[in-house]
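Q: Encoded as structure tokens, here's the structure I'll be asking about.
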Amino acid sequence: MEQDFVARSRGHEQRRGQVAPRARSVPEHRRERHEAGAATDEQERAAVVDVPREVAADRAAQLELVARPDHLGQVRRDLAAGHPLDGQLQPVEVGDLHYNVIFSRYLNPNDNEDSAYLLGQDEAPPGSAYFGVFVEVQNESEEQQQLASSFTITDADRETFQAIASESPYALPFGGAVESQEQIPILDSTAQQGPIEGSLVLFELPASASENRPLVLSIPGPEGPATVTLDL
């Protein structure tokens, strides 16, 4: 049985066609007021519309910082170092293991954090780049379970890319054991205490892959693969 989920790069996940539980919507009591006060509200809103507003100087500076393209990379780095675990709501089931994609993004070998994820890797060939998928795996069964020994990413052109071996201390141990009621990364391990708090599944992708979205991660299992759509 194939499970299909959407995992956003900021950590948010959605089941295809259904908004994930963490997604926030406006409560009904905010959408509607008692009809008795509707006329008064309309009058107040009309009065406010014509009043010109000035953005506070410090707020304007913050908006400019985010809007400038040369700061977008830093914003993404801040997200990576922040709280990517907010999206851990609906892991995919593979046998008796639950895989949760926490975060996914391209890795920069010149970045201090990313260089640790790329330990032992040669420079990516021209036209290619390293791509990391960070996962947490839970074993809620009463028996030891085995991790998947392979992972693939398939792009919109149906070209498939295999996960590659990694010497990084953050790497997911392909085919490794997960003890009963335990998780990978193991608590207090390098990966679990890292900025993203997940284990790395590493890929080398051509530049064309980022243009042929969506990218779909496939995790093999006894009842068929589970798939997670990676929204870059």
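Q: If you count the DSSP beta bridges with both ends in the range 90-232, what percent of them are antiparallel, to the nearest 5?
A: So the antiparallel bridges in the range 90-232 amount to around 95 percent.
Q: What is the ratio of the Cα radius of gyration of the range 106-232 to 2.2 N^0.38 Å, with N the residue count, to two decimals?
A: Dividing the Cα radius of gyration by 2.2 N^0.38 Å gives 1.07.
Q: Oh, and also: Skipping prolines and chain starts, which residues have an amide H placed within reach, meaning under 5 Å, of the one on Leu230, given they are 5 or more residues away or on another chain?
A: The list, which skips near neighbours in sequence, is Ala7, Leu215, Val216, Leu217.
Q: Right, another one. Quick one: net charge of Leu215's neighbours, Cβ under 9 Å, K/R +1, D/E -1?
A: Once all neighbours under 9 Å are counted, the net charge is -1.
Q: For the range 142-210, build the convex hull from the C-alpha positions and give me its volume per residue in Å³.
A: 110 Å³
Taken together, the values in this text are just the output of simple stated rules run on the coordinates, not laboratory data. Keep in mind that this is a model prediction, so the values were computed, not measured. All Cβ positions, even for glycine, are placed from backbone atoms using ideal geometry, and neighbour counts span all protein chains on display.
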